[in-house]
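Structure, as structure tokens:
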Amino acid sequence: MSHTNLFDEVKRHFEIVSFISQYIKLKKVGKNYVGLCPFHAERTPSFTVNGEKQIFKCFGCGASGDVVSFYMRIKGLEFKDALIELAEKAGLKIDQRAFTEKRKEKDLVEVNFKVAKIYQHYLWNSPLSERARAYLKSRNLSEECAKTFYLGYAPSEGRFLASMLRTQKIDLDLAVSAGLLKKGEDGSYFDLFRDRLMFPIFNEKGECLGFGGRALGPEAEPKYLNTPESRIFKKSEILYGLFQSKDYIKKEGKVFLVEGYFDFLSLWERGLRNVVATCGTALTEKHIQKLKPLADDFYLLYDGDIAGAKASLRALSMFLKEGVFPQIISLPEGEDPDSFAQKFLKDPEEFKRELSKFLKEATAFVFEFYRLEYQKNPSKVFNEVLELFQGISDPVLLQRLKRELAYYFQVSESDIEKKLRRPMQREVKPQLESQLTREECFIKNIAQYLVNFPEDIPELESAGLKKLLQENFSSGIYHQFLMKILELKAEGYTSFLEVPEPSFQEILGDLLFSPPFEDRKQALEDIKRFIGVELQKREILKIAERLKLLQRAGKKEEVESYLPQINSKLRLCKDLKKH
Ligand SMILES: [Zn+2]
């Protein structure tokens with residue numbers, strides 16, 4: 001079964017209202033169902049499900065789509081994986097190719113976990129691991145903690161892993177795909193990680209996706225080496241420790257974010273267990289989306305230096321765009337979470353109390369960060385701070401920020417609002433009817449018609465729709481959207497809901513939720529006539545341009561020869577309009 005067929009099958013199998021009801025409470029209002037949006041924080045429901053069209057849309061955050069896109073979002077899955085999981089739930093047959101890919105991912109995860117156990121065994125049992133064990137001890141990490149996270153040691157001898165895998169009869173090429181071995185030109189295999197303390201990295205399901213390795217030699221570069229990025233190992237999505245800490249996070253409703261493996265383990269050892277770490281990369285929206293369903297309160301706990309403060313600012317801005325107001329723990333200069341935790345080895349409770357003393361509200365942190373510079377260069381700081389807060393769509397957050405920023409900069413809230421709004425309008429968002437020009441209104445109307453009746457695309461194309469669009473008829477978002485739809489249709493897309501582009505989906509959802517066409521046939525005729533008139537008008541304009549040039553050049557006879565052509569076009573326009 002191909003993807004497209006599977007997609008249709010899956011959609012036929014799951015009725016969207018009852019499907020979504022498994023996740024949130026829906027109430028019938030008119031012919032729609034509404035509930036609290038699971039994708040952004042809200043108190044009054046703006047999440048709407050339309051059973052007739054089998055789609056959902058949130059009027060708060062703009063999330064929209066069908067049953068598959070809902071599942072993708074709520075589970076944090078890629079389109080393909082969501083489809084496969086749903087198909088499995090529905091007991092449908094799955095395309096062999098997609099299945100083999102899935103199979104291969106499972107194999108990679110398996111080989112990773114086997115290797116994690118090999119390194120772990122080596123760490124605790126080989127005399128050659130003495131230095132690694134001593135190192136853990138020097139960082140005050142217990143054996144129990146190290147074992148919970150499957151820490152291991154990769155020896156410096158470069159053929160260790162290859163020979164271990166061979167004796168365990170594990171396919172070496174699989175280990176190459178997993179980024180654990182490299183294959184030399186002579187066909188021999190050698191280890192990627194050498195003389196490193198190994199941190200296996202699990203996803204939230206407990207699947208081992210890759211490794212981070214810290215060099216033990218003082219001169220070794222780089223200090224940290226990660227599994228190369230691959231289909232399964234994506235640093236921008238993985239949070240270290242989440243598998244072990246997620247129950248603590250859920251229970252407390254709070255999560256601490258740190259930047260490194262040792263920060264994480266050190267806090268864990270000290271009894272602070274609702275923690276996750278990014279794996280040597282800046283925080284991304286994917287990370288935040290993973291954490292949002294688990295916690296209400298978010299604490300950024302980065303290094304107490306300028307780099308840490310800058311990382312906090314970046315992360316803060318990322319959080320705000322996701323509709324979350326985090327708090328920041330700003331450690332004393334020179335401390336990092338690990339070193340700070342080490343000070344309270346004997347009393348974990350005191351450690352937690354001490355941490356809370358450095359807690360700052362996000363805006364307070366920002367203002368303090370810029371305090372000195374603000375005195376020197378207020379307008380630069382003003383712009384930088386507002387830049388940081390761009391792109392926030394949550395109205396409650398926005399209101400609060402406006403108030404705080406206005407107070408801090410001693411300007412009016414409307415000045416702040418203007419500043420904050422500016423770049424957001426450049427973003428692709430459904431627009432209000434009143435902001436559209438007459439042309440854009442027509443284009444929107446055509447777009448709305450075609451998302452509902454895509455089978456009429458060929459008919460409108462032969463009526464000259466493409467030509468009209470290429471004439472630069474209008475330039476707004478619906479124009480781009482319509483072009484995209486024609487492209488997709490040409491590429492053979494049957495359902496636009498399948499297009500994995502959030503901004504596209506947002507407009508699509510908006511159009512699908514608009515009131516339906518009462519008389520479809522009439523609507524189609526109106527659109528065709530409109531296209532005809534507009535194309536004629538454009539022709540006339542072009543001729544008029546030419547005439548102007550001829551007139552200027554004094555070519556009177558040629559000017560006159562154009563008159564019949566113009567008259568006939570004008571008549572055509574009039575006729576078209578009359579119907
Ligand atoms: Zn929402």
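The values are calculated or read from the model by the stated rules, or taken from the named source; none is laboratory data. All figures in this text were calculated on a predicted structure; none of them were measured in a lab. Cβ: placed from backbone, ideal geometry, glycine included. Neighbour counts: every protein chain shown. SASA here: full protein model, heavy atoms, side chains in, ligands and nucleic acids out. Shrake-Rupley method; radii C 1.70, N 1.55, O 1.52, S 1.80 Å.
Can you list which of the trypsin sites (Lys or Arg not before Pro) found in the stretch 30-93 are DSSP loop residues with at most 11 other C-beta atoms within 10 Å? Present the calculation step by step, with values, prior to reporting the outcome.
Working: sites: K31, R43, K53, K57, R73, K75, K80, K89, K93; in loops: K31, R43, K53, K93.
For trypsin sites (Lys or Arg not before Pro) across the stretch 30-93 that sit outside H, G, I, E and B with at most 11 neighbouring Cβ atoms in 10 Å, the list reads K31, R43, K93.
For a test of the definition: using alpha carbon positions, the gyration tensor, and the 1.5 limit on a/c, classify the stretch 333-386 as rounded, prolate or oblate. Mind dumping the intermediate values first?
Numbers: a/c = 4.48, a/b = 2.97, b/c = 1.51.
Judged from the Cα gyration tensor, the stretch 333-386 comes out prolate (a/c at least 1.5, a/b above b/c).
Over the stretch 1-145, what per residue volume does the convex hull of the Cα atoms give, in whole Å³?
Details: hull volume 24.7 nm³, N = 145.
Dividing the Cα hull volume of the stretch 1-145 by its residue count gives 170 Å³.
Enclosing the Cα atoms of the stretch 139-211 in their convex hull gives a volume equal to 109 cubic angstrom per residue.
Heavy atoms of the protein chains alone define the surface here; on that basis the stretch 239-366 has 40 Å² accessible area per residue at 1.4 Å probe size. Full extension of the chain between K27 and E88 gives 19.1 nm of extra length, using 0.36 nm per residue less the Cα-Cα distance.
On average, how much accessible surface per residue is there in the stretch 3-94, in Å², for a 1.4 Å probe, leaving out ligands, DNA and RNA? Present the calculation step by step, with values, prior to reporting the outcome.
Details: 4470 Å² over 92 residues.
Here the residues of the stretch 3-94 average 49 Å² of exposed surface.
Let me test this: with uniform point scatterers at the alpha carbons of the stretch 239-366, what is the Debye-based log₁₀ I(q)/I(0) at q = 0.17 1/Å? Taking Cα atoms of the stretch 239-366 as identical point scatterers yields -0.81.
Only protein atoms count toward the accessible area here, which uses a 1.4 Å probe; on the chain, the carbon and sulfur part of that area reaches 51 percent.
Run the dipole for the chain about the Cα centre, Lys and Arg Cβ at +1, Asp and Glu Cβ at -1, nothing else charged, and hand back the magnitude in debye, nearest 20. Walk me through the numbers before you get to the answer.
Details: 92 positive and 86 negative charges, 187 e Å.
Rounded to the nearest 20 debye, it is 900 debye.
Rounded if a/c is under 1.5, else prolate if a/b beats b/c, else oblate: with a ≥ b ≥ c from the C-alpha gyration tensor eigenvalues square-rooted, which is the stretch 377-426?
On the way: a/c = 1.84, a/b = 1.23, b/c = 1.49.
Oblate, because a/c is 1.5 or more while a/b does not exceed b/c.
Its residue count N sets the reference 2.2 N^0.38 Å, and the alpha-carbon radius of gyration of the chain equals 1.22 times that reference.
Packing, taken as the mean count of other beta carbons within 10 Å per residue, orders the peptides 127-137, 9-19, 213-223 from highest to lowest as 9-19, 127-137, 213-223.
Excluding same-chain neighbours fewer than eight residues apart, the lysines reachable from K183 by a Cα-Cα span under 25 Å are K102, K104, K106, K114, K117, K169, K223, K234, K235.
Give the accessible surface of the stretch 433-578 per residue, rounded to a whole number of Å², with probe radius 1.4 Å and ligands, DNA and RNA excluded.
Numbers: 8210 Å² over 146 residues.
That works out to 56 Å² per residue.
A dipole drawn for the stretch 1-140 from +1 and -1 charges on Cβ atoms has a positive end, and of A132, C58, H13 the residue lying farthest that way is A132.
The alpha-carbon atoms of the stretch 78-162 define a convex hull whose volume equals 145 cubic angstrom per residue. Seen against the Cα atoms of the chain and their longest principal axis, helix 477-490 is set at about 80 degrees. For chymotrypsin sites (Phe, Trp or Tyr not before Pro), the sites in the stretch 328-367 that DSSP calls loop and that have at most 15 other Cβ atoms within 10 Å are F358. Protection proxy ranking for 285-298, 149-162, using the average of other Cβ atoms within 10 Å per residue and placing the highest first: 149-162, 285-298. Taking N as the residue count of the stretch 211-275, its C-alpha radius of gyration divided by 2.2 N^0.38 Å amounts to 1.29.
When you have a sec, figure out the Kirkwood radius of the stretch 433-578 from all distinct Cα pair distances and drop it here in Å to one decimal? After inverting the pairwise mean of 1/r, the radius is 17.0 Å. What you get for the stretch 14-121, charging only the Cβ of Lys and Arg (+1) and of Asp and Glu (-1), is a dipole of about 220 debye around the Cα centre. With both residues required to sit in the chain, DSSP beta bridges show an antiparallel share near 75%. When the square roots of the Cα gyration tensor eigenvalues are ordered a ≥ b ≥ c, the ratio a/c for the stretch 102-226 is 1.5 or more and a/b does not exceed b/c, which makes its shape oblate. With a 1.4 Å probe and all protein chains kept in place, how much accessible area does V49 have, in Å² rounded to the nearest 10? Counting only protein heavy atoms, V49 exposes about 0 Å² to solvent.
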